[in-house]
Amino acid sequence: MPFKPPVLEKCKSCGKSVYSAEERLAGGHKWHNFCFKCGLCGKMLDNTTANYSTKEEKVYCRVCYGKKLGPKGYGFGSGAGCLSTETGRQFGNKESILQGMLW
């Protein structure tokens, strides 16, 4: 009976065989240590800082994952840039709630 070497899973990034000593796991796929980096910024990752996108089958760091696949639209602003100083005049409001208050 001839010797048959075990079939090794291929790296999701480079397509080469991944040995158990150099593997990283995410989303049920294996990567080499040096191939396991963010799909946008290229930052090297470890298993605790990686987020796997099943839609694109790529690994992202937490910051890039939030930018690319995080919530978008109304109500998901951050910081003082999303605060509004509108009084509601465009909706027909004639006076502000704070106008009658004395400080």
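The values are calculated or read from the model by the stated rules, or taken from the named source; none is laboratory data. These numbers come from a predicted model, not from an experiment. Note that each Cβ is placed from the backbone with ideal geometry, even for glycine, and that neighbours are counted across all protein chains shown. We work out accessible area using only protein heavy atoms, side chains counted, and drop any ligands, DNA or RNA first. Shrake-Rupley method; radii C 1.70, N 1.55, O 1.52, S 1.80 Å.
Things worth noting here:
- Placing a pseudo-label 7 Å from each Cα along the Cα-to-Cβ vector at THR48 and LYS16 gives an inter-label distance of 2.8 nm.
- Of LYS37/LYS67; LYS4/LYS37; LYS16/LYS67; LYS4/LYS58; LYS4/LYS43; LYS16/LYS37, those spanning more than 27 Å from alpha-carbon to alpha-carbon: LYS4/LYS37; LYS16/LYS67; LYS4/LYS58; LYS4/LYS43
- Ranking of SER13, SER20 by solvent-accessible surface, largest first: SER20, SER13 (1.4 Å probe, protein heavy atoms only, all chains present).
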